1. Looking for whichever is buried (at least 24 other Cβ atoms within 10 Å of the Cβ) and away from ligand 2 (no atom under 16 Å from the Cβ) here; the options are A:T128, A:T97. Which one fits?
2. I need every pair where a residue in the range A:282-311 that is within 14 Å of another protein chain (Cβ to nearest Cβ) has its Cβ under 8 Å from the Cβ of a residue that is within 16 Å of ligand 1 (Cβ to nearest atom) and not hydroxyl-bearing (S, T, Y), sequence separation at least 6 or different chains.
3. Looking at the range B:39-69 only, could you name the residues that are more than 7 Å from every other protein chain (Cβ to nearest Cβ) and not in a loop (DSSP other than H, G, I, E, B)?
4. Of the conditions (1) away from ligand 1 (no atom under 16 Å from the Cβ); (2) within 26 Å of A:I418 (Cβ to Cβ); (3) not in a helix (DSSP H, G or I), A:R127 fails just one. Which one is it?
5. Quick one: which residue in A:W466, A:W451, A:W485 is over 32 Å from the mean Cα position of the chain (by Cα), of a type in the set (F, W, Y) and farther than 18 Å from A:F96 by Cα?
6. Anything in the range B:106-150 that is more than 20 Å from the chain's Cα centre (by Cα), of a type in the set (G, A, S) and more than 14 Å from chain A (Cβ to nearest Cβ)? List them, or say none.
7. Report yes if some residue within the range A:433-452 is away from ligand 1 (no atom under 13 Å from the Cβ) and of a type in the set (V, I, T); otherwise report no.
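The values are calculated or read from the model by the stated rules, or taken from the named source; none is laboratory data. Note that the coordinates shown come from a computational prediction; the quantities given were computed from them, not determined experimentally. Every residue, glycine among them, receives a Cβ derived from its backbone with ideal geometry; neighbour counts consider all protein chains shown. Heavy atoms of the whole protein, side chains included, go into the accessibility calculation; ligands, DNA and RNA do not. Shrake-Rupley method; radii C 1.70, N 1.55, O 1.52, S 1.80 Å.
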Amino acid sequence: MTHATLEASMAADRVRMKDGPPAGSREARALDVTWDDPPGLLGWFCAINHKTIAKRFIVTTLGFFAAGGLIAAVMRMQLSRPENTLVGPDMYNQLFTMHGTTMMFLFAVPVMQAVAIYLVPLMVGSRTVAFPRMNAFAYWIFLFGGLMLYAAFFVNSGPDAGWFAYVPLAGPDYSPGKRVDFWAQMITFTELSGLIEAIVIIATVFKMRAPGMTLNRMPLLVWSNLVTSFMVLFAMPAVMLASTALILDRLVGTHFYNPAEGGDPLLWQHLFWFFGHPEVYLIFIPGLGFLSSVIPTFSRRPIYGYTAMVLSLVATGFLAFGLWVHHMFATNLPELGKAFFTAMSMLIAIPSALQIFCWIATMWTGRLNLKTPMLFVLAFFFILVLGGLTGLMLGAVPLDLQVHDTYFVVAHLHYVLIGGAVFPLFGAFYYWYPKIKGRMMGEALGKASFWLMFIGFNAAFFPMHWLGLHGMPRRVYTYQAGMGWDGMNLLSTLGAFTFAAGVFLSLVNAVASARRGAVAGADPWGAGTLEWSIASPPPPCNFHAIPTVHGRDPLWQPAPGGAPARVSGLAVNVREVLVTSVIDALPDHRMTSPNPSPWPFLTALATTVLFIGSIFTPWAVVWAAIPATIATILWFWPKHKDNSEDLALEKAP
Amino acid sequence: MTTAATPASRSDATLDVSGLPSFRFSHHSPMWWGTLGMIAIEGTVFALAIASYFYLRMHSNTWPMFALPPDLFWGTLNTAVMLGSLVPNQLAKSASERLDLPAVRLWLSVALVFAFLFLGVRVMEFASLNVRWDSNAYGSIVWTLLGLHTTHLITDTIDTTVLDVLFFTGPLDGRRFVDVSENCFYWYFVVGSWLPIYLVIYWGARPWPS
Ligand code: HEM
Ligand SMILES: [Cu+2]
């Protein structure tokens, strides 16, 4: 008997046991063992469970949020009074660049994807994501890319050309040294990670839904992540191309952005904003998904206008691509073009208004329960209305020219980003924390944190409107006394610290509740979506028995009499998943899902060596491609054990 | 996969999926969606690079800038070779979907010969661009377009090589046939995206009748 046939016969024995029985049974325990990540330090690097990866991802992005916040605190301290000397102009340039870059590339979009990677499989009733190893790989390169940027910052090579790195300022002539190169490669890293996660999410949503969860029954949060992921596919390539051209200009002497040799700096702006504007919606649309999860639960009724909600999510996704030029009104573009883009900018208010209408209708006709998650969600309405109003103002060309590059814009962008993303995100944390940790977060601390954040936020950013209208330019490291800006700047700084205190309280709350919070149970809020049907925290395999779905809120609409309530017949000792059809989620085939592996980690390491090397010499791309290729091949090369599992379960179509 | 292994399934109404196949081709497979996602991303990159080409062209008085247009010979030859490669590619794809091992081995190997052929001709293409990447913006974008496409050629060639070796050495199972089918699907994209890039690089730099 050869080794392979022996393995195969053992595997055949192991796959004979099938799932389906309730939690606590022998099969259920076996499933947990099968789907768990390997133990030990080595196992840590091999982990591919989507919940493990997502938790690491969430913690990492929140770490970057804290770093970006600390930088903001330093900036606000510097600006708290005129002619301050806490940091000089050079440091300040690095600070606002690092702040913007961190918040946009290392926090806002990745945190939304990280949450999606945790929640989407649970909400669609799947045991895992479609490509678990890719998912792990995406996390590692994101981590390495972010760390690289901060490492550069600490050795005084932090980028200083703004988070949009406009050329020619960011080009080889005006930004010598390696600062912008670190920035450009960090972009490639995070966008690579974002693109992979988008594919993982799309394939999971399309192919891994529980039987019966037709597209028409999919939770709105899943819809919002689907729309976002599609946007990522078409938006992020633009910035990757732009930043690759930038580093080529700097490193090998190409001339994309060099007007002296036929290049054009405006090409940068077009490519950058073709990504940069949808970027805002990449942050905002998942935020809408959080609202659509929290509001029905705390209104105790299904969402009002499901179909309208889905359509407006999709419409927002499309319209977001038609808007980039409004970031370029101050450039020399044709007038007709500007008029068109003004109209587009106004148009996008329509689907958002529709959503707001549906949420209000849901709350109006439901019975409102004002717990912490709901407070954070309600803040969204207040803040976003203000941010939306100033956005409409900026969408009009004459006013944009007036306040261009003043603090009015800084105020607007924080109203939109923090109101549209950070407050809903915090609401989401309070809402899903019990699912992740098995314990509730404290209500009293939660409310205190909310009010500090809400009041602090408005105190920090509302005065900036006023400052902008009174002429204070953005990206200045200080200002003279006697301009009349002192009081508002001090107020803004105090507000920023109040906001930070609020964030800190939530952190304390999360850490304390992990051990001492009230035990949550499976469904502490009485919610209707699938993730609440399983234990908190969820077992490694998510669902001991894959559910079948019979309505939009499966827990509020159980299976009608006689209809099957769950799936059975998947292997217990092998990672086997059910693949369903795209539109109707009809069972299509069974598939083995990959086992844990160190190769995603090692491939990410090799990729990092390649990218860091390429900051210094183009030859790094050639030499470091060798280990990266070898690692990728080993990653994909099937092991005999996996192969025998596959063979044992095999059934040709 | 006997249903007898799941006695519970009959007593309390479950949806027994143990009889389903363990792999399927085309849009049934998550792999197909993953590949399509890659194609969407890379197609966007190509489209934006081509848009950048015309953006630069629009803003320039002369085009190509201080250079001769690329020689047509090697690029056109490569286009012909690529179109020719569609035949073994399609044969490998349909062989994989019939689970026909000898035919997959044969046609995948033939496709691989084609792939190495292009890479050889590709070297000549770079040499016949008549401009360096650092001469001017025209040179930069032309090299980038050709470079981007070459990256795809190289990665797909490595991919095909690995698959081909795997089909001779094993271990094999049904899912590997799906991989071949996806690899061929992706190859269609590599060829399909070449056609507009070819037109842009070689004909976009020639005067157009106005
Ligand atoms: C309390 C929290 C925050 C404070 C106090 C703060 C403060 C600031 C300040 C003072 C600036 C202007 C720098 C200048 O023009 O001189 C700024 C810029 C910016 N902030 Fe924030 N911020 C906070 C949170 C956020 C968040 C959560 C995001 C994104 C999700 C964000 C994104 C940005 C961006 C993109 C810029 C533009 C950077 C640039 O001009 O390059 N900020 N922030
Ligand atoms: Cu915009």
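1. Testing whether each residue is buried (at least 24 other Cβ atoms within 10 Å of the Cβ) and away from ligand 2 (no atom under 16 Å from the Cβ) leaves just A:T97.
2. The qualifying pairs do not exist here.
3. B:I39, B:E42, B:G43, B:F46, B:A47, B:I50, B:A51, B:Y53, B:F54, B:R57, B:M58 - these are the residues of the range B:39-69 that are more than 7 Å from every other protein chain (Cβ to nearest Cβ) and not in a loop (DSSP other than H, G, I, E, B).
4. (2) is the only condition that A:R127 fails.
5. A:W485
6. B:A127, B:S128
7. Yes, the conditions are met somewhere in the range A:433-452.
Yes or no, residue by residue, for (1) within 16 Å of ligand 2 (Cβ to nearest atom); (2) assigned to a helix (DSSP H, G or I); (3) open to solvent by less than 10 Å² (accessible area, probe 1.4 Å):
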residue	(1), (2), (3)
A:V200	no, yes, yes
A:R209	no, no, yes
A:G212	no, no, no
A:S243	no, yes, yes
A:P278	yes, yes, yes
A:L291	no, yes, yes
